[in-house]
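Below is one structure, written out as structure tokens; the observations come after it.
The values are calculated or read from the model by the stated rules, or taken from the named source; none is laboratory data. This structure is a prediction, so every number in the text was calculated from the model and none was measured. Heads up, the Cβs are rebuilt from the backbone with ideal geometry, glycines too, and the neighbour counts pull from every protein chain shown.
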Amino acid sequence: MKAEELIERDPEKMGGVAVFTGTRVPVEFLFQFLEDDQTLETFLAQFPSVSRAHAQRVLGASRDLLLSS
């Protein structure tokens, strides 16, 4: 799945902040949770509109983007 299918940016939705597609949950929240030593499970409990698979795909796409060159 391409990043464009995982994340959406719409000026009419959350002011154009990158959110998980189909939600109003900013992708940045996932990274903030992980940076603060919180688990993926904690993030998912806080934001039930984001599925585990969706969060894992965003993390995988981020990894791939960072490691590709």
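Just one of (1) surrounded by 11 or more Cβ atoms within 10 Å (Cβ to Cβ); (2) basic (Lys, Arg); (3) modelled with pLDDT under 95 fails for Arg52. It is (3).
Could you tell me whether Gly22 is touching a Lys or Arg at 6+ places or on another chain (Cβ under 6 Å) and surrounded by 11 or more Cβ atoms within 10 Å (Cβ to Cβ)? Judged against the criteria, Gly22 is not a match. Where helices (runs of 4 or more DSSP H) fall entirely within the range 10-68, those with at least 1 residues that are in contact (Cβ under 8 Å) with a residue 40 or more places away in the chain are at 52-67.
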